[in-house]
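Asks: Shown below is the structure under consideration.
The values are calculated or read from the model by the stated rules, or taken from the named source; none is laboratory data. Computed from a predicted model, the values in this text were never measured in an experiment. For neighbour counting, all protein chains shown are included, and Cβ atoms are generated from backbone atoms with ideal geometry for every residue, glycine included. Accessible surface areas use protein heavy atoms only, side chains included; no ligands, DNA or RNA. Shrake-Rupley method; radii C 1.70, N 1.55, O 1.52, S 1.80 Å.
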Amino acid sequence: MGKGSFVDGKFVEGAEVLKTVSPANGQTIEEVFLADGKTIDKALAAAEKGIGKKPQRENFRILKEILSERSLEIAELIAIEQGKPVQEALAAEIYPSLSYLDFLLRKGEEIIGPKEVPPYETMFAAREGLLLHQATVVNLIVSPWNYPFAIPFLDIVASVFAGAPVIFRPSAKTPLVGLEIAKLFKDAGFPSYSLQVLITGHREVEEILKDPRIGGIFFTGSVETGRKMGELAGRLLKRAVLELGGKDAMVVFEDAPIERAVNGALWAGFMNAGQTCASVERLLLHKKIYREFLSRIKEKVEALRVGHPLEPETDMGPLISKEQREKVLRLIEEAQGKVVTGGRAMEGEGFFMEPTLVLEPPPSSTLWREEVFGPVIAVRSFETEEEAIALANDSKYGLTASVWTASRERARRVAEALQAGAVTVNDHLSSYAEPSAPWGGVKGSGLGRTHGEFALRDAVQIKYIMGDFSRRKKLLWWFPYSPKARKTLLLASQMLFGRGKLRAMLNLIPSIPRLVREVGPAALLSSLGKLIGL
Ligand code: NAD
């Protein structure tokens, strides 16, 4: 495979290169060619050819099969380039991608296919309505390094399935994994217009978005960059689906299954070295279980095995870069909370740091308020349900949250009150792997939803077709206006929407011939149906 952008079915070279670095040792893994202006133009032209064309089901079926066959190989590449342990890459990147492909193959056409929607309005009772999902543009997908495979893969397959070709621009930190997606598409026999993968700098992303063939951007990344992309898309009147940062709260009540909650917090706080948009960053514990919970979790945090992501016994790999590690350590220091365990960089090569627990950081500290994106869980206690909800909602973010309790009633009540795009009960983060579940946040965590049916619908444009094949020469509301037509309209609005159904029905009887004449028998049946409550 050539290590350069994937354009019109081929991997292309270029003059300039980008170095991709392994976070486990800081060494260059490979040099990847950057796309120049000509390559970008070619990619846009190739993608344009596929607008509105849906690849064969067979392509998706083969894609699923080869991804399943290459699971381990791709998981190892993710481990090397991004740093999460292989098992985690399998569980959180490959498996959800396979499951979503399966969902698309079984349910996709039903969701996105043409749908007859008989009109509701009485006046249109004789008509036919049809809803279409049409792809009229190319979608730009820009994604982060923390899930370099699953995040773009799910967005890409949804868009391509719906008939909208994709220009995908992987993070500059994980181009090799991005190009692996191109290889999968090539090997699954997708038409060359379906997917273009461009390795570029940031300036080029904006230029691509400005191209009239691009209809929208599916951006996943930080709030700061998301805002820029959203502003630009807004100015250009293009769709922007923004999946941004998070500051997830995990709320543990006194009746929660404690050992499960301890293990859940440990995993959701430290998997991917805490570099997940929906990592547990704020752990809220009921006063009654606070001490016990902390002593159990401290022991387990200290037992986590930090090491090379290719080692099967590694629980936690390195952070993505030296800068990211420095930022996380600085936030811990500045917060001046009680560091129960961790809080230090690890010696040796690579960007490893200790998994960290911080108690009661000041509510105004950056550690408590901003996304840390590192292996740090900050802990606070609460006494009442109201206090827990208020603490959890006191954030500018709202991606996901979790409630831990044995009570279904409490779980439902608290889940409804939490300001988040998804809430899990007695688990955290796992809704990402449910193909039918929407993914996305409220407040600063973004706009729009991906995954499930939502990704398919957002990838395309909705068209409504309404047809009237009755032989009527003139419709009630057309010219010329007349006292008769006015009376019929008045009668219809009083009868259908006013008070006193019995009176309306009695009024209807002498008007039946007129209604049939001027609006049609179907409208009469529809009015009667509505009046008797059908
Ligand atoms: P980032 O915003 O720095 O970068 C995201 C993508 O945008 C990358 O491809 C990057 O190269 C590109 N980019 C950065 N600056 C740009 C610019 N000025 N112009 C054009 N493109 C630009 O984010 P990141 O560090 O890669 O990822 C981490 C962030 O992503 C975290 O905030 C995390 O919470 C968020 N995230 C959100 C979700 C979600 O589903 N909500 C999922 C994963 C990550």
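Asks: Residue-wise, which Karplus ³J(HN,Hα) couplings in Hz belong to segment 138-151, taking 6.51 cos²θ - 1.76 cosθ + 1.60, θ = phi - 60°, and x for glycine or proline?
Replies: Running phi through 6.51 cos²θ - 1.76 cosθ + 1.60 with θ = phi - 60° gives 9, 9, 9, 10, 10, 10, x, 8, 6, 10, x, 9, 5, 4 Hz.
Asks: Rolling a 1.4 Å sphere over the protein heavy atoms, what is the accessible area per residue of segment 266-384, to the nearest Å²?
Replies: For segment 266-384, the solvent-accessible area averages 44 Å² per residue.
Asks: Separation of segment 63-90 and segment 272-296 by C-alpha centroid, Å?
Replies: 28 Å
Asks: Then there's this: Taking only the Cα atoms of segment 1-118, how large is their convex hull per residue, in Å³?
Replies: On the way: hull volume 17.4 nm³, N = 118.
With only Cα atoms used, segment 1-118 gives 147 Å³ per residue.
Asks: Let me ask something else about it. Where the only charges are on Cβ atoms (+1 Lys, Arg; -1 Asp, Glu), what is the dipole of the chain about its Cα centre, to the nearest 20 debye? Numbers along the way, then the final one.
Replies: Values: 69 positive and 66 negative charges, 772 e Å.
In total the dipole reaches around 3700 debye.
Asks: Considering only protein heavy atoms, what per residue accessible area in square angstrom results for segment 117-203 with a 1.4 angstrom probe?
Replies: Values: 2260 Å² over 87 residues.
Per-residue value: 26 Å².
Asks: Rounded to the nearest 10 degrees, what's the angle between the helix 223-236 long axis and the longest principal axis of the chain, both from Cα atoms, 0 to 90?
Replies: Long axis of 223-236 versus the principal axis of the chain: about 30 degrees.
Asks: Right, another one. Apply the Kirkwood formula to segment 393-477: the hydrodynamic radius equals the inverse of the mean of 1/r over all pairs of different alpha-carbon atoms; give it in Å with one decimal. Show your work: numbers first, answer last.
Replies: On the way: mean 1/r = 0.0631 Å⁻¹.
In segment 393-477 this quantity evaluates to 15.8 Å.
Asks: Among T174, S194, A522, whose Cα sits farthest toward the positive end of the charge dipole of the chain (+1 at Cβ of Lys/Arg, -1 at Cβ of Asp/Glu, about the Cα centre)?
Replies: Result: A522.
Asks: Using only Cα atoms, what is the ratio of the radius of gyration of segment 192-312 to 2.2 N^0.38 Å? If you can, show how the numbers build up before the last one.
Replies: Working: Rg = 20.8 Å, N = 121, 2.2 N^0.38 = 13.6 Å.
For segment 192-312, the normalised Cα radius of gyration comes out at 1.53.
Asks: What number does segment 483-531 give for Rg over Rh if you use C-alpha atoms and the Kirkwood radius? Provide the component values of the computation, followed by the final result.
Replies: Values: Rg = 9.8 Å, Rh = 10.6 Å.
Rounded to two decimals, Rg over Rh is 0.92.
Asks: Run through every distinct alpha carbon pair of the chain and return the Kirkwood hydrodynamic radius in angstroms, one decimal place. Could the numbers behind the result be given before it?
Replies: Numbers: mean 1/r = 0.0389 Å⁻¹.
Value: 25.7 Å, from the Cα pair sum.
Asks: Post the alpha-carbon centroid distance, segment 145-174 to segment 458-484, in whole angstrom.
Replies: 41 Å
Asks: Determine how large the accessible area of F219 is when every protein chain is in place; take a 1.4 Å probe and give Å² rounded to the nearest 10.
Replies: 10 Å²
Asks: Roughly how many percent of the accessible protein surface of the chain is carbon and sulfur, given a 1.4 Å probe and a whole-percent answer? Could the numbers behind the result be given before it?
Replies: Working: 13010 of 24190 Å².
That fraction is 54 percent.
Asks: Now for a separate question. Would you please put 266-277, 200-211 in order of how densely packed they are, using the mean number of other Cβ atoms within 10 angstrom per residue and starting with the highest? Don't jump to the answer; show the numbers that get you there.
Replies: Details: 266-277: 25.2, 200-211: 16.0.
Going by the mean number of other Cβ atoms within 10 Å, highest first, we get 266-277, 200-211.
Asks: Let me ask something else. How big is the dipole moment of segment 86-186 about its Cα centre under a simple scheme where the beta carbon of each Lys and Arg is +1, that of each Asp and Glu is -1, and everything else is neutral? Debye, nearest 20, please. Write out the running numbers ahead of the final one.
Replies: Values: 8 positive and 10 negative charges, 66 e Å.
Using only the charged Cβ atoms, the result is roughly 320 debye.
Asks: If you take the C-alpha gyration tensor of segment 407-534, multiply each eigenvalue by 5 and take the square root, what semi-axes do you get, largest first, in whole Å? The partial results should precede the final answer.
Replies: Values: eigenvalues 482, 95, 34 Å².
So the equivalent ellipsoid measures 49, 22, 13 Å along its semi-axes.
Asks: Sticking with this one: Mind ordering 305-315, 374-384, 106-116 by average Cβ neighbours within 10 Å, highest first?
Replies: Numbers: 305-315: 16.0, 374-384: 21.4, 106-116: 14.1.
Those peptides, ordered most packed to least, come out 374-384, 305-315, 106-116.
Asks: Let me ask you something else. Which value in deg cm²/dmol, rounded to the nearest 500, describes the helix-derived mean residue ellipticity at 222 nm for the chain, given -39,500 (n - 2.57) per DSSP H run of n ≥ 4 and division by the residue count? Let's see the in-between values first.
Replies: On the way: 20 runs with 220 residues, N = 534.
Helix-only estimate at 222 nm: -12500 deg cm²/dmol.
Asks: Say the cut-off is 28 Å between C-alpha atoms; which of K42/K173; K54/K210; K42/K247; K173/K327; K115/K487; K84/K327 go over it? Present the calculation step by step, with values, prior to reporting the outcome.
Replies: Details: K42/K173 24 Å; K54/K210 25 Å; K42/K247 40 Å; K173/K327 17 Å; K115/K487 36 Å; K84/K327 19 Å.
Checking Cα-Cα distances, K42/K247; K115/K487 exceed 28 Å.
Asks: If you find the alpha carbon centre of segment 350-429 and of segment 191-263, how far apart are they in angstrom?
Replies: Between the Cα centres of segment 350-429 and segment 191-263 lies a distance of 21 Å.
Asks: If every alpha-carbon in segment 251-399 counts as one equal scatterer, what log10 I(q)/I(0) does Debye give at q = 0.10, 0.20, 0.21 1/Å?
Replies: Taken in order of the listed q values, log10 I(q)/I(0) reads -0.32, -1.28, -1.41.
Asks: Give the Rg/Rh ratio for segment 47-101, taking Rg as the radius of gyration of the Cα atoms and Rh as the Kirkwood radius, to two decimals.
Replies: Working: Rg = 13.9 Å, Rh = 12.5 Å.
Radius of gyration relative to Kirkwood radius: 1.11.
Asks: In terms of solvent-accessible area of protein heavy atoms at a 1.4 angstrom probe, what is the ranking of Y397, Y193, highest value first? Could the numbers behind the result be given before it?
Replies: On the way: Y397 20, Y193 45 Å².
Largest accessible area first, the list is Y193, Y397.
Asks: Rounded to the nearest 10 degrees, what's the angle between the helix 521-531 long axis and the longest principal axis of the chain, both from Cα atoms, 0 to 90?
Replies: Approximately 60 degrees, to the nearest ten.
Asks: If you don't mind, there's one more thing I want to ask. How would D155, D41 line up by accessible area, probe 1.4 Å, largest first? Can you show the working numbers first?
Replies: Details: D155 15, D41 95 Å².
Output order, biggest surface exposure first: D41, D155.
Asks: Here's a follow-up. For the chain, take the longest principal axis of its alpha carbons; what is the angle in degrees between that and the long axis of helix 501-518, to the nearest 10 within 0 to 90?
Replies: 70 degrees
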